[in-house]
Amino acid sequence: MTKPTPRIGLIVPASNTAAEVQFQRYAPAGVGVHTTRLRMTGQWSRPLRELADDITQAAAALSDTSPGVIVFHCTANSMAEGQAGETVDRSTSLPSMIVEMPTGPAVVRRAGT
């Protein structure tokens, strides 16, 4: 029986051209990075609370790849409301947590814990 491929699910703004490359470069060998994009900048810019349904749909789509974690990588939106805006979306079966990153908090989903 083959060992399942570890995977990271990544949600980024459609305009972000760096995150995928960075995640691919720094992910451990053998870890797949699967990305989906949201229109959330420029004319599509909205507060994080208004993006909730889109983020939920993106996380649900990524969950089809069976990732170990799903990361919402958008510092501007995730930081705009400060700690008052921090919520954890439980729309998938993956447990969630908010972690502090060098660039600010990020919502991360972890499987198996």
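Please treat every number below as a calculation from the coordinates, not as lab data. Bear in mind that the values here come from a model prediction, so they are computed numbers and not experimental data. Neighbour counts are summed over all protein chains in view; Cβ atoms, including those assigned to glycine, are modelled from backbone coordinates with ideal geometry.
General remarks:
- If you plug the beta carbon distance of THR17 and ARG46 into 1/(1 + (r/R0)^6) with R0 = 22 Å, you get a FRET efficiency near 0.60.
- By the count of neighbouring beta-carbon atoms within 10 Å, fewest first, ILE11, ILE70, ILE55 end up ordered ILE55, ILE11, ILE70.
- Stretchable slack from GLN24 to THR56, in nm (0.36 nm times residue separation minus alpha-carbon distance): 9.2 nm
- Alpha-carbon Debye profile of region 17-79, log10 I(q)/I(0) at 0.21, 0.29 Å⁻¹: -0.96, -1.38
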